[in-house]
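Nothing in this text is a laboratory measurement; each read-out follows from the coordinates by a stated rule. The structure displayed is predicted, hence computed values, not measured ones. In this analysis, Cβ positions are derived from the backbone assuming ideal geometry, glycine residues included, and neighbour counts consider all displayed protein chains.
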Amino acid sequence: MPYLHVRGTRLHYEDAGHGPALLLLHGWGTSGLVWQSCLPDLVRDHRVVTLDWRGCGRSDHPLEGNTIDGLTGDVAAVIEALDLDKPVVVGSSFGAVFATELALARPDLVEHVVAVDGPAYWPADAMLEKVLDLRERMADDRIGTLAEWVPNWFAPGVSPGLVDWTVRQLADSSVYSDDLFTEVTKYDPRPRLPELTVPITYLHGELDTEIPLEVPRSCAAATPGARVHVIAGCGHIPHQENPRAFTAALRTVLA
């Protein structure tokens, strides 16, 4: 399995296909495997890199670096180490935070950001009490809390197997990544979004009950040239719930 040693840790990645580069960033606690159903279509005409960020999947689970700045720095280092030529960076949930922050800090590295159901300011706003409660409950009963929370990520009717698989991934991720739940309660990118020079598109599940549609719409309103694309019938993780619809939406962006 391919690994990169960057910024004091070892990160697992997969790299396939040829063409314009796509870098796919998963959400909190999962792994690059969440994109697997989208890959057969995308690698036909793109170089597609999936990354397990630190603390997740097959990457190392270090104590250090589990911050927004730390993980954004990891992504920048991966782009440079793999010699990716200004990839389109697609970030799901927390991955959308890292993609956006990367575009703000290093616009020279990014062609386009696609933020997929990103939380943005929501954990610091209407979701604050829930996030603080989750942080505390996970410290006491991590598995039970995840088993109760994760089904809410998906639209009604999703396969129970997908929910169970997601819980297993989260259970295997590093407890040190939970520090992001504390940091995100103070995170709001909106004041800096007018400075964003990299194009950004917000892809969002119509039925996402964790992060409602008002979030990408508010962020897009603050960002010059931003677009919002709603994926019908999907919840917080549209690329797993309906890979065909998600890939079609992403191809519309890439076009």
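As a footprinting exposure proxy, order Trp35, Trp165, Trp53 by other Cβ within 10 Å, with the fewest listed first.
Fewest to most other Cβ atoms nearby, the residues stand as Trp165, Trp35, Trp53.
Using a ≥ b ≥ c from the Cα gyration tensor of segment 136-209 (square roots of the eigenvalues), is it rounded, prolate or oblate, where a/c under 1.5 gives rounded and otherwise the larger of a/b and b/c decides, a/b for prolate? List each step's numbers first, then the result.
On the way: a/c = 2.60, a/b = 1.41, b/c = 1.85.
Because a/c hits 1.5 or more and a/b fails to exceed b/c, segment 136-209 counts as oblate.
Just rank Leu128, Leu24, fewest to most, by other beta-carbon atoms within 10 angstrom.
Leu128, Leu24
Within 10 Å of each residue's Cβ, count the other Cβ atoms and sort Ser31, Ser92 from fewest upward.
Ser31, Ser92
Quickly estimate the mean residue ellipticity at 222 nm for the chain, helices only: each DSSP H run with n ≥ 4 gives -39500 (n - 2.57), and the total goes over all residues, rounded to 500.
Numbers: 10 runs with 93 residues, N = 255.
That comes out to -10500 deg cm²/dmol.
Report the full-extension gain for the segment Glu129 to Ala147: residue separation times 0.36 nm, less the Cα-Cα distance, to one decimal in nm.
4.6 nm
Write down the Å³ per residue value for the convex hull defined by the alpha carbon atoms of segment 3-254.
Roughly 107 Å³ of hull volume per residue.
Between Leu213 and Ala245, what is the label-to-label distance in nm when each label sits 7 Å out along the Cα-to-Cβ direction?
Simple spin-label model gives 1.2 nm for this pair.
With just the Cα atoms defining each centre, how far is segment 54-120 from segment 130-157? Give it in Å.
A separation of 24 Å, based on Cα centres.
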